[in-house]
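Beneath this line is the structure, given in structure tokens, with notes to follow.
The values are calculated or read from the model by the stated rules, or taken from the named source; none is laboratory data. Since the structure is predicted, the reported quantities are computational estimates derived from the model, not experimental observations. Cβ placement follows ideal geometry from the backbone for every residue including glycine, while neighbour counts extend to all protein chains displayed.
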Amino acid sequence: MPPIAPDLLNTFGLWPDRAQACALDIRTLCWRVAKAAQTGPLSEGLKWGQPAWRPVKARMGSTLRLSWRADAPTQLDLFVDCKTDLAARITRDFPDAFDSDARRRLTLQTTEPMPDDALWHLARRTFTYHRDKPA
């Protein structure tokens, strides 16, 4: 896993301690998933001011973004491309893991244990979305 980029560190530094810890856990999970799924390296940076990860290789997968909001300080939102069925599939397979709009947003509570299994599947499906899409 590469060192964390300064722009991500600066962004995470604006968040409460628990949200920062969860975000760093999610970052680590993203890199582990990419390695296990053999997607190649990830592009990591800010997209619309939010931490985001995506396989560098074209037509491999999609972007996973992470967001924290001051008006919901104990929540983190994960976003997937709204043109995919990723949020709906994760919501169906892990109905208790996230609050979800089943379209693009999956919300987790930083005050509860991280839904590691659901996060793993979300990252894997996102990072392999094009590669593993049924013909």
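Among all residue pairs at least 6 apart or on different chains, which show Cβ distances below 6 Å where the first residue, located in region 5-21, is within 16 Å of Gly45 (Cα to Cα) and the second is hydrophobic (A, V, I, L, M, F, W, C) and surrounded by 12 or more Cβ atoms within 10 Å (Cβ to Cβ)?
Correct list of pairs: Asp7/Leu46; Phe12/Ala23; Gln20/Phe12.
Does region 86-93 contain any residue that is in contact with a Leu (Cβ under 6 Å, 6 or more places away or on another chain), among the aliphatic types (A, V, I, L, M) and closer than 19 Å to Asp17 by Cα?
No, that holds for no residue.
Taking Ala34 as the residue in question, decide whether it is assigned to a helix (DSSP H, G or I), within 12 Å of Leu122 (Cα to Cα) and in contact with a strand residue (DSSP E or B) (Cβ under 7 Å, 6 or more places away or on another chain).
For Ala34, the condition - assigned to a helix (DSSP H, G or I), within 12 Å of Leu122 (Cα to Cα) and in contact with a strand residue (DSSP E or B) (Cβ under 7 Å, 6 or more places away or on another chain) - is met.
Of these, Arg131, Arg89, Arg125, which one is among the basic types (Lys, Arg), in a helix (DSSP H, G or I) and over 12 Å from the mean Cα position of the chain (by Cα)?
Arg89
Select from region 51-63 the residues that are in contact with an Asp or Glu (Cβ under 9 Å, 6 or more places away or on another chain) and in a strand (DSSP E or B) and list them in ascending order.
Quick first cut of region 51-63, residues in contact with an Asp or Glu (Cβ under 9 Å, 6 or more places away or on another chain) only: 51-54, 61-63.
Matches in region 51-63: Pro51, Ala52, Trp53, Arg54.
Sort out which residues of region 99-117 are without any contact (Cβ under 8 Å) to a residue 60 or more places away in the chain and within 16 Å of Ala36 (Cβ to Cβ), and write them in order of number.
Across region 99-117, the qualifying residue is only Asp117.
Based on what the data block shows, is Ser62 in contact with a Phe, Trp or Tyr (Cβ under 7 Å, 6 or more places away or on another chain), touching a residue at least 24 places away in the same chain (Cβ under 8 Å) and crowded, with 17+ Cβ neighbours inside 10 Å? Break it down into steps so the answer makes sense when it comes.
Working: in contact with a Phe, Trp or Tyr (Cβ under 7 Å, 6 or more places away or on another chain): yes; touching a residue at least 24 places away in the same chain (Cβ under 8 Å): yes; crowded, with 17+ Cβ neighbours inside 10 Å: yes.
Here the answer is yes, as Ser62 does meet what is asked.
Which one of Thr63, Thr107, Thr91, Thr126 is touching a helix residue (DSSP H, G or I) at 6+ places or on another chain (Cβ under 7 Å) and either at pLDDT 95 or above or of a type in the set (Gly, Ala, Ser) (or both)?
Thr126
Hey, can you tell me all the residues within region 72-86 that are more than 14 Å from the chain's Cα centre (by Cα) and under 23 Å from Leu14 (Cα atoms)?
Within region 72-86, Ala72, Pro73, Thr74 qualify.
Six or more apart or on different chains, Cβ under 6 Å: which pairs go from a residue in region 34-46 that's at negative phi and of a type in the set (A, V, I, L, M, F, W, C) to one that's assigned to a helix (DSSP H, G or I) and loosely packed, with under 14 Cβ neighbours inside 10 Å? Could you list them?
What qualifies is Leu46/Asp7.
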